[in-house]
Amino acid sequence: MKCSCQGGKTLADDLKTCIGISSCAVKNGGCDQVCRMTLDNQVSCSCYPGYTLSTDGHTCTDINECLDVNGGCEQLCVNTRGSYRCTCLQGYTVADNFRKCQAVCSPPCLNYGQCVAPNRCLCPAGYPGPGCSPMCNPPCAHGGTCLRWNQCICPPGWTGPGCLTAICNPVCQNGGQCIAPDTCQCHSDYTGERCQTVQCTPPCENDGICSQVNVCICKEGYSGPRCQDAPPVCIPSCQNGGQCVGYNRCQCTIGHSGRWCEKSTASVCRPPCLHGGTCHYGNRCDCPQGTRGFRCEHRSCATVTYLKMESRAIRVPVKEAYTIPCGRFNWRTCTRYRTVQKHVHRTFHRVGYKIQC
């Protein structure tokens, strides 16, 4: 059971006896919160802000500010003892004035965008992506960064819209395609790091060189599309300048015959061939350059002049000086002159003619 007092009295320390109150020094004048003495020396109770004095004149009752126009809060008002506070719905937070609510966007709006509702941004032109981020179409690939509307910053080795175009330096040759940074995809006829090497399929044999697509340059003696045919072998070898053209098959020069070109078929022409002509079977002459005719009897070479230089020795008279003693008692030396014959070499030029083929 709890005791209470009336009529300006308050409980004593034993919580059972009511005693009179005549000063704020006794039990705070019986006031809940603030006690002061009036001019007529009477106790007067009052309350802190946020409270109101009850009808008993001593007790303070909390004021529910939220009942008065929602406490001025934009969304939610929460009453507390002696005060109140404004709160917001989910997705909003209290603004700096502690009454208004502002939307929350996570992540925050970028590029000067405004958060107008929970997780909804009002974005400026050119930044339509999530959180007002720039959007590139096609999207930036290979680690590229979308800087603004359809403009990508590409990593090294990539370029073009969406960073989809690889860069090969030097470029791929012979129609090769750059599929990754410095990586070429070659056509079937080429190979190499930059598709620079032509390819023969199947490859050239016997050390043949692939010079064009499927064109082999063979070493001497080898033949065939891929140099697969080895040079023919004649045992014994062809004689007298004959050429081995197959297995033990010789192709002989003019004037020779036989399996190994060992037989001479030289003929005697009558009348004989002139000016170095060669007689062949059938009394026929093979004329050298500059001659013609049935027996090479006609010369068709041009006659040209030439200048020939000759040197020979001749005797020519030469005047020479000599000294002798002279004067009385031969005390003086005098110079005398005489003519002698000397051999000298003279150069002469002679013009001649010759046939030049």
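Since every read-out is calculated from the coordinates, none of them should be taken as a lab result. If you're wondering where the values come from, they're calculated on a predicted model, not measured in any experiment. Quick reminder, even Gly has a Cβ in these numbers, built from the backbone with ideal geometry, and neighbours come from all protein chains shown.
Some values worked out for this structure:
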item: Magnitude of the charge dipole, the chain, Cβ model with Lys/Arg +1 and Asp/Glu -1, debye to 20; result: 5200 debye
item: Cα centre as origin, Lys/Arg/Asp/Glu Cβ charges: the stretch 305-356 dipole, Debye; result: 100 debye
item: Unit charges at the beta carbon, dipole of the chain: most positive-side option, His275, His256, Val104; result: His275
item: Charge context of Phe348, other residues only, Cβ under 13 angstrom, K/R +1, D/E -1; result: +3
item: The chain, relative contact order [Cα under 8 Å, separation at least 6], %; result: 4 percent
item: Cα-based equivalent ellipsoid of the stretch 94-214: semi-axis lengths in Å, sorted from largest, via gyration tensor; result: 57, 10, 9
item: Distance histogram for the chain (every C-alpha pair counted, 10 angstrom bins, percent rounded to whole numbers); result: 4, 8, 7, 7, 7, 7, 7, 7, 7, 6, 6, 4, 4, 4, 3, 4, 4, 2, 1, 0
item: Ranked packing of 160-170, 25-35, 340-350, most packed first, by mean Cβ within 10 Å; result: 25-35, 160-170, 340-350
item: Percent of Cα pairs exceeding the 14 Å cut-off, where the set is the stretch 195-272; result: 67 percent
